[in-house]
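For reference, the structure discussed in these notes is given below.
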Amino acid sequence: MKKTMKIISFKELSKIHKKYKKNGIKTILAHGVFDVLHIGHLLYFNEAKNKNRKLIVSVTSDKFVNKGDGRPVFNIKDRIRLLSSIDCVDHVVESNSPSAVKIINALKPNFYIKGKDYKNNKLDLSKNLKSEINSIKKFDGKFLVSKTKLFSSSKIIGKYDSDLLNKEMAIFFKKNVNLENLKNKILENFSQINNSEKILCVGDPIIDTYKYVTSLGKSAKSNILSTKKVSQKSYGGGIILVLNYLSNFIKNIDYLTYSNTKNDRVLKKFLNKKVKLIKINSKIINIVNKIRFVDNYSKNKLFQINEGEFSDENTDKKISKKFKSIAKKYNKILIFDFGHGFINKFLVKEINKIRKKCYINCQSNSSNFGFNLADKYKSAYALSVDELELRLSTRDKYNSVNNILKNNKNLVSNSKYFIVTQGDKGCYIVSKNKITFIPTLIKRSRDTTGCGDIFFSTFLISNILKKFNISETGIICHIAAGLHTGKEGNDNIVNSNIICNFAKTYLN
């Protein structure tokens with residue numbers, strides 16, 4: 001990028017401060033991402049420039065932009081170049097920090113200005129504003145809130161993203177949900193979750209390994225496809241993904257797990273350190289590794305190998321005994337039954353004894369198909385299955401999901417909330433004999449691995465908050481699950497900022 005007098009480095013800020021202070025000229029700082037410039041920015045900059053002040057704009061560098069997948073739309077060089085072309089902007093500087101504090105400390109401006117949306121501190125999703133205001137006050141500076149009409153780059157980007165929100169969802173919103181009210185509730189509650197509830201998590205830990213390959217062609221001597229390895233990456237999956245996601249929202253999370261040198265090393269690498277481990281020693285049981293071979297060009301999964309599935313009666317009894325001894329200490333117990341051996345028959349028996357505080361996600365997959373059915377759970381506070389698991393549990397292949405739910409009240413009514421997920425179609429939530437269908441919010445996806453786990457984990461969060469009705473809860477769960485599918489690989493990319501930014505952008 002060609003350097004101009006307008007585009008300055010961080011090191012030059014102190015010189016700028018001294019120069020203008022010496023000449024009795026006031027300075028004002030505007031800070032932000034400024035991804036897609038619009039008329040609102042021009043009005044905002046002109047207001048800041050008023051009274052012959054020198055306007056310095058600091059721009060958040062790409063790596064600190066936390067607005068979800070695909071953001072920023074324009075890289076830092078393009079954003080700085082465009083800002084420097086605006087007449088009322090005197091200087092532009094890149095901010096290599098998650099907040100404007102370092103810029104403020106170096107520049108020592110007379111004023112620091114933010115848009116009208118920052119008048120409500122609940123919309124300060126990054127939680128940086130308080131420290132920025134404290135910094136400006138140290139230099140006897142003043143914090144200003146713009147009075148100009150509020151626009152949003154995120155909303156403008158969202159308005160033209162026609163693939164993201166579908167017509168079915170739009171109709172559902174119109175009939176069932178006040179969008180503005182839901183947006184405000186999400187921003188108010190998800191941006192600052194304070195809870196003292198103790199959560200115990202139980203379930204199969206999984207490592208998802210993606211091996212990217214290119215096809216070389218058919219082998220000359222046998223009828224097989226020959227490939228070449230390009231790269232490899234591993235992610236914490238199964239209950240590890242769930243724990244990493246929940247640790248963004250919940251302070252007190254304990255995880256009951258098997259422990260040995262190998263397992264401890266894996267958990268140390270992939271699991272958030274906020275999660276407290278309750279360990280049962282086992283030399284036999286290792287963490288399941290799912291190895292997926294992926295075509296490097298199309299990103300299509302070719303085939304999968306599962307390693308490390310387990311079953312050992314003595315070890316199974318140990319884990320169920322420990323569960324029995326600690327379960328009473330917790331407000332809620334979250335169980336992810338992936339059917340790889342962790343949730344054994346002895347543990348199921350203990351779970352069924354304390355069912356009123358258990359949130360259970362029971363899943364069938366290729367390695368346990370037909371053997372891991374939800375009807376083994378006599379009841380739960382919330383029980384979640386997907387459509388195929390429901391059909392297997394009820395032995396009903398052809399009926400509609402709605403009719404299956406109506407015809408199997410013994411299974412459905414045993415839980416306060418019975419949830420059936422249908423991928424990109426939507427979900428059913430049954431409570432107090434009322435069946436509610438909520439269509440999927442985000443249709444497009446890169447990789448659906450783990451999205452059901454994020455969906456049900458979000459249901460737990462929403463339930464803890466106690467602020468959302470059934471339809472609203474389903475929508476929030478769809479938002480979180482849909483955002484998770486935006487990145488290839490089973491990595492946790494969803495947090496409160498991402499959910500709140502989505503709400504600001506699309507729920508209008």
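The values are calculated or read from the model by the stated rules, or taken from the named source; none is laboratory data. The model shown is predicted, which means the values in this text are computed figures rather than measured ones. No Cβ is skipped: glycine too gets one built from the backbone with ideal geometry, and neighbour counts run over all protein chains shown. The protein model used for the area step is the full one, side chains on, heavy atoms only, and it has no ligands, DNA or RNA in it. Shrake-Rupley method; radii C 1.70, N 1.55, O 1.52, S 1.80 Å.
Based on the Cβ-Cβ distance of Ala170 and Lys130, what FRET efficiency does E = 1/(1 + (r/R0)^6) give at R0 = 45 Å, to the nearest 0.05? Kindly include the intermediate steps, with their values, before the conclusion.
Details: r = 37 Å, r/R0 = 0.82.
The formula returns an efficiency of 0.75 here.
Would you mind calculating the gained length between Lys432 and Lys26 on full extension (0.36 nm times residue separation, minus the Cα-Cα distance), in nm to one decimal? Mind dumping the intermediate values first?
On the way: separation 406, 0.36 × 406 = 146.16 nm, distance 6.35 nm.
Length gained between Lys432 and Lys26: 139.8 nm.
Heavy-atom accessible area of His38 with all protein chains present, probe 1.4 Å, nearest 10 Å²?
About 30 Å², ignoring ligands and nucleic acids.
Just from its helices, what would the mean residue ellipticity at 222 nm be for the chain, if runs of 4 or more DSSP H residues each count -39500 (n - 2.57) and the sum is divided by every residue, rounded to the nearest 500 deg cm²/dmol? Don't jump to the answer; show the numbers that get you there.
Numbers: 18 runs with 177 residues, N = 508.
Per the formula, -10000 deg cm²/dmol.
Sort Leu216, Leu441 by accessible area with a 1.4 Å probe, largest first. Could you put the intermediate results ahead of the total?
On the way: Leu216 115, Leu441 0 Å².
The ordering from most to least exposed comes out as Leu216, Leu441.
Under the definition of Cα pairs under 8 Å and six or more residues apart, what whole-number percent is the relative contact order of the chain? Let's see the in-between values first.
On the way: 923 pairs, mean separation 70.0, N = 508.
Contact order relative to length: 14 percent.
So what is the relative contact order of segment 402-508, in percent, for Cα pairs below 8 Å that sit 6 or more residues apart?
Details: 128 pairs, mean separation 23.5, N = 107.
Reported relative contact order: 22 percent.
Between Ser379 and Ala220, how many nm apart are label points set 7 Å from Cα along the C-beta direction?
A separation of 6.9 nm, rounded to one decimal place.
Taking amide H positions as placed in the peptide plane 1.01 Å from N, state which residues far from Thr227 in sequence (5 or more) or on other chains have amide H under 5 Å from it.
Under 5 Å from the amide H of Thr227: Leu216.
Tell me, in nm to one decimal, what length is gained between Lys416 and Tyr118 on full extension, where the rule is 0.36 nm per residue of separation less the Cα-Cα distance?
On the way: separation 298, 0.36 × 298 = 107.28 nm, distance 3.94 nm.
Using 0.36 nm per residue and subtracting the Cα-Cα distance, I get 103.3 nm.
Between Ser85 and Ser14, what is the FRET efficiency for a Förster distance of 35 Å, r being their Cβ-Cβ separation, to the nearest 0.05? Walk me through the numbers on the way to the answer.
Details: r = 25 Å, r/R0 = 0.73.
Here the calculated transfer efficiency is 0.85.
Provide Thr60, Thr214 ordered by accessible surface of protein heavy atoms (probe 1.4 Å), highest first. Could the numbers behind the result be given before it?
Details: Thr60 10, Thr214 50 Å².
If we order Thr60, Thr214 from most to least accessible, we get Thr214, Thr60.
Residues in segment 458-501 near a label at Asn365, defined as backbone nitrogen under 15 Å from the 7 Å Cα→Cβ point?
Label zone hits: 489-491.
Based on the alpha-carbon gyration tensor of segment 184-292, what equivalent-ellipsoid semi-axes (square roots of 5 times the eigenvalues) come out, in whole Å, largest first? Mind showing how you got there, number by number?
Numbers: eigenvalues 270, 87, 18 Å².
For segment 184-292, the semi-axes come out at 37, 21, 9 Å.
Of all the stretches in the chain, which is the longest one without any exposed loop site, taking chymotrypsin sites (Phe, Trp or Tyr not before Pro) in a DSSP loop (any state but H, G, I, E, B) with at most 12 other Cβ atoms within 10 Å?
Details: sites that count: Tyr160, Tyr297, Phe369, Phe371, Tyr398.
Longest site-free region, per DSSP loop and neighbour criteria: 1-159.
What figure, in Å² to the nearest 10, do you get for the accessible area of Asp117 with a 1.4 Å probe and non-protein molecules left out?
Looks like 30 Å² after rounding.
Kindly identify segment 419-508 as rounded, prolate or oblate by the Cα gyration tensor criterion: order the square roots of the eigenvalues as a ≥ b ≥ c, call it rounded if a/c is under 1.5, otherwise compare a/b with b/c, prolate if a/b is larger, else oblate.
Values: a/c = 1.67, a/b = 1.34, b/c = 1.25.
In terms of gyration-tensor shape, prolate.
Where in segment 240-280 is the amide nitrogen less than 20 Å from a point lying 7 Å along the Cα-to-Cβ axis of Gln232?
Zone members listed by number: 262-271.
If you take the beta carbon distance between Lys397 and Thr448 as r and set R0 to 22 Å, what does 1/(1 + (r/R0)^6) give as a FRET efficiency, to the nearest 0.05? Write down the numbers at each step before the final one.
On the way: r = 23 Å, r/R0 = 1.04.
About 0.45, to the nearest 0.05.
Ignoring everything but the protein chains, give the 1.4 Å probe accessible area of Lys26 in square angstrom, nearest 10.
110 Å²
Per residue, how many Å² of accessible area does the chain show with a 1.4 Å probe? Walk me through the intermediate numbers first.
Numbers: 24940 Å² over 508 residues.
Here the per-residue accessible area is 49 Å².
Could you sort out which of Lys114/Lys276; Lys137/Lys273; Lys276/Lys301; Lys175/Lys328; Lys49/Lys102 sit more than 30 Å apart by Cα distance in this structure? If you can, show how the numbers build up before the last one.
Details: Lys114/Lys276 39 Å; Lys137/Lys273 35 Å; Lys276/Lys301 34 Å; Lys175/Lys328 42 Å; Lys49/Lys102 22 Å.
Violating the 30 Å Cα-Cα cut-off are Lys114/Lys276; Lys137/Lys273; Lys276/Lys301; Lys175/Lys328.
Mind ranking Val145, Val420 by accessible surface for me, highest first, 1.4 Å probe?
Numbers: Val145 50, Val420 0 Å².
Descending accessible area places them as Val145, Val420.
Can I get the semi-axes of segment 356-475's equivalent ellipsoid? Compute them from the C-alpha gyration tensor as square roots of 5 times the eigenvalues, in angstrom, largest first.
Details: eigenvalues 77, 64, 43 Å².
In descending order the semi-axes read 20, 18, 15 Å.
How many angstrom lie between the Cα centre of segment 348-383 and the Cα centre of segment 462-508?
Going from one Cα centre to the other spans 25 Å.
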